[in-house]
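The values are calculated or read from the model by the stated rules, or taken from the named source; none is laboratory data. This structure is a prediction, so every number in the text was calculated from the model and none was measured. Because the Cβ atoms are built from the backbone with ideal geometry, glycine has one as well, and the counts that use them run over all protein chains shown. Keep in mind that these areas ignore ligands, DNA and RNA; they rest on the heavy atoms of the full protein, side chains included. Shrake-Rupley method; radii C 1.70, N 1.55, O 1.52, S 1.80 Å.
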Amino acid sequence: APRGFRGLSGRAELWIPQAMGPVVDYPGQLTDHQHFHNVIARLSDEVSFRDARTQMEIIGTNIAASIVHEGDARWSASARLLRDARIDPSARRSQLLLLGAVGLVLLIACANLSNLLLARAASRRQEITIRLSVGSTRGRIVRQLLTESVLLSTLGGMLGIAFAYGATRTLSTMLPERLQSGQLADFAAVSVDARVLAFAATIAIMTGLLLGLTPALQSTRTALNDALRTRASGGTSTHGRFQTSGLLIVSEFALASVLAVGATLLVATYVQLQQRDLGFDPANVLTFWIEPPPSQVRGEDAARFLESILSEVSDVPGVESATVSLCTPLMGCSSRFLYIVDRPWPDGQEPPLVGRHYVGPEHFQTLAIPLLRGRVLTAEDRVGRPRVALASQTAARTYWPNTDPIGQRVWLDTDDPVDPASTYEIVGVVGDVQYEAIDGTFKPQFYTSYLQFTWPYTFVMLKSRESPETMVSRLRRAVAEVDAELPIYDVRTLEHRVGIALSKSRFNALMLGGFASLALILAAVGMYGVMAHFVAQRTSEVGIRIALGARTSDVFRLVLRYGGTLALAGVSLGTVVSLAGTRILSSLVYDVNPADPRVLVVVNTVLTIVALLACYVPTRRALRVDPVRALQSN
């Protein structure tokens with residue numbers, strides 16, 4: 001196991017032999033019909049994964065043949081690689097998205113560096129020609145130019161590494177948390193180690209070599225006689241050079257447009273998730289976990305024990321109401337197969353899994369979940385009284401679309417109904433609550449009274465009239481009144497848990513927004529550099545135009561037309577690429593149309609304004625050209 005491994009749940013702090021489970025957990029852990037056990041095996045070098053999977057399928061067939069459970073033969077066994085079975089797919093998609101954003105920013109930086117090297121090669125054309133004419137070899141000059149370009153990119157890489165060292169602490173505080181257990185792969189820890197240094201060094205050196213090679217070779221292919229007759233600023237290659245620079249600028253703005261569209265969509269997603277109605281009110285709700293030893297608190301003792309806990313907690317000054325549940329909203333919860341009395345599921349069709357919640361009578365008051373029909377649970381719904389349940393609105397619509405769900409009877413406790421007396425009667429319908437991922441859809445949920453059946457370990461949730469954080473010490477004392485050795489932990493406000501559920505969306509939006517901003521700055525710098533070089537190369541032309549009576553507006557349009565054409569072409573190309581790539585973002589956005597024309601209009605407007613601002617300073621410089629000096633320099 002890797003350093004820092006905390007089990008498949010991600011929360012393990014202590015390991016014990018599996019055979020001790022019935023002693024420290026609950027007696028039936030190894031014998032009940034449960035499905036929470038994981039079997040992990042490390043393959044030997046002589047066995048391939050394909051062979052192991054084949055063997056597991058054979059074992060699954062034998063298991064199915066040996067289990068007699070109401071004629072049910074759906075049992076099987078299969079093998080999966082741990083990295084595939086436990087990695088959160090959404091985390092992987094986010095990481096790939098950010099890696100792609102890094103690649104786009106790198107391409108924009110490379111385009112800027114390429115323009116810089118092309119301009120340097122053009123300005124040194126006469127120098128290189130003279131050196132060739134006096135006997136210097138092409139290989140020596142190419143080596144010198146490549147050394148200069150690699151030095152530039154290496155210095156940039158060193159500056160980037162230094163910045164990364166300073167940014168690691170900030171990035172560590174921004175990493176998304178998770179509420180749900182079951183995945184091994186969170187976002188990787190932010191650190192600059194030997195692998196990062198090697199990667200950065202490789203990228204820097206390869207960038208310098210690849211981008212410096214073409215200008216170096218072009219500089220040494222100049223015809224000596226023609227080159228010596230021309231100035232470094234003139235010559236026949238000016239048009240081709242500006243054509244290459246223009247294409248690079250178009251590419252920069254296209255890539256910046258793609259990043260800006262993606263960032264805008266993710267920011268809009270984060271805003272939509274913040275405003276989403278999750279079906280409950282998290283304000284002033286505090287949650288904490290208790291886990292008394294199941295070997296000591298068993299069966300009906302669990303309900304009596306939790307009733308004592310809730311009684312003490314409710315008596316704490318400032319507490320309005322309190323409840324229990326195996327999970328809080330947004331963190332996932334226990335699920336059970338749903339069986340509906342007098343409605344058998346078709347042969348071969350597995351019963352649906354629905355959310356199952358063991359809650360207190362004040363659960364819906366504490367979380368402000370509305371009652372839509374019937375009644376809520378009461379303190380009278382306990383052992384010895386008829387079993388009752390509440391269905392969520394989605395459950396009622398899904399399983400009783402044309403029938404009143406009140407009075408219907410369901411089975412929720414095991415994977416097959418065996419005792420009709422243990423069915424639950426639906427007595428009420430409540431509003432939907434988001435228990436799974438915050439960007440998911442509402443799932444069918446069922447609520448039963450913990451006083452009729454529950455587990456001893458649970459979350460305690462309470463609504464307070466004051467700041468929940470100030471009540472923790474009082475709550476610890478209240479729990480200690482029931483069991484002096486019982487700790488409370490995972491103490492968080494429900495608002496904090498909502499913030500954790502939003503952290504992944506917030507992280508994606510911040511990071512992609514940062515990359516998009518950096519790309520925009522780089523594109524603007526590139527545009528400024530190309531336009532400044534464009535003006536410098538056309539100083540004589542501008543001077544002649546002004547000497548012949550050209551107006552300021554004419555010169556302004558001459559320079560601005562070139563930059564505006566480049567920006568417009570880049571934005572147009574970026575729009576096409578963005579529309580083609582919206583499918584990549586479709587799994588990361590919520591309640592936002594990836595092809596929303598409003599997003600494209602906003603992004604294109606911003607990019608165009610940035611491009612025009614980048615053209616403004618070189619344009620002003622062109623307007624200040626002195627015709628006399630311009631003609632003298634020609």
Considering only protein heavy atoms and a probe of 1.4 Å, how much of the accessible area of the chain is carbon and sulfur, as a whole percent? 58 percent
Pairing rule first: another cysteine's C-beta must sit under 4.7 Å. Under that rule, which cysteines of the chain stay single? Cys110, Cys615
Find how much the distance from Arg557 to Phe5 grows on full extension, using 0.36 nm per residue of separation minus their present alpha carbon separation; answer in nm with one decimal. 192.3 nm
Probe of 1.4 angstrom, ligands and nucleic acids ignored: what's the accessible area per residue over the chain, in square angstrom? 53 Å²
Nitroxide proxy distance, nm - points 7 Å out along Cα→Cβ at Thr608 and Ser172: 4.6 nm
Rounded to the nearest Å, what's the spacing between the alpha carbon centres of region 88-150 and region 543-607? Just the number, please. 25 Å
Length-normalised contact order of the chain, Cα under 8 Å, at least 6 apart, in percent, tallies to 20 percent
More than 16 Å apart - percent of Cα-Cα pairs taken over region 260-354: 75 percent
Per-residue accessible area for Tyr590 at 1.4 Å probe radius, Å² rounded to 10? 50 Å²
Sequence-distant residues sharing a close amide H with Thr493 (under 5 Å, placed H): Thr287
In terms of the ratio Rg/(2.2 N^0.38 Å) built on C-alpha atoms, what value belongs to the chain? 1.34
Report, by chain and number, residues whose modeled amide H sits under 5 Å from the one on Arg356, excluding near sequence neighbours (fewer than 5 apart, same chain). Ser334, Ser335, Arg336, Phe446
Any residue on another chain or 5+ positions along whose placed amide H is under 5 Å from the amide H of Leu372 is listed here as Val429, Val430, Gly431
Separation in nanometres of the label points that stand 7 Å from Cα toward Cβ, at Thr61 and Ile161: 5.7 nm
Report ³J(HN,Hα) in whole Hz for each residue of region 475-488, in order, from the Karplus equation J = 6.51 cos²θ - 1.76 cosθ + 1.60 where θ = phi - 60°; Gly and Pro get x. 5, 4, 5, 5, 5, 5, 5, 8, 8, 5, 9, 8, x, 10
In region 354-486, how does Rg compare with the Kirkwood Rh, expressed as the Rg/Rh ratio over alpha carbon atoms? 1.01
How much of the DSSP beta bridge set in the chain is antiparallel, as a percent to the nearest 5? 70 percent
Principal semi-axes in Å for region 491-608 [√(5λ), Cα gyration tensor, largest first]: 45, 16, 11
Phi to ³J(HN,Hα) by Karplus 6.51 cos²θ - 1.76 cosθ + 1.60 over region 244-261, Hz, x for Gly, Pro: 5, 4, x, 4, 5, 5, 4, 5, 4, 5, 5, 5, 4, 5, 4, 5, 5, 5
For region 251-291 and region 319-347, what is the centre-to-centre distance using only Cα atoms, to the nearest Å? 27 Å
Could you run the Karplus curve 6.51 cos²θ - 1.76 cosθ + 1.60 with θ = phi - 60° over region 609-614 and give me ³J(HN,Hα) per residue in whole Hz, x for Gly and Pro? 4, 4, 5, 5, 5, 5
Over region 436-516, what per residue volume does the convex hull of the Cα atoms give, in whole Å³? 166 Å³
Förster radius 41 Å - calculated FRET efficiency between Leu568 and Thr202, Cβ distance, rounded to 0.05: 0.70
Point-to-point label distance, Val617-Leu371, nm (Cα→Cβ direction, 7 Å offset): 6.8 nm
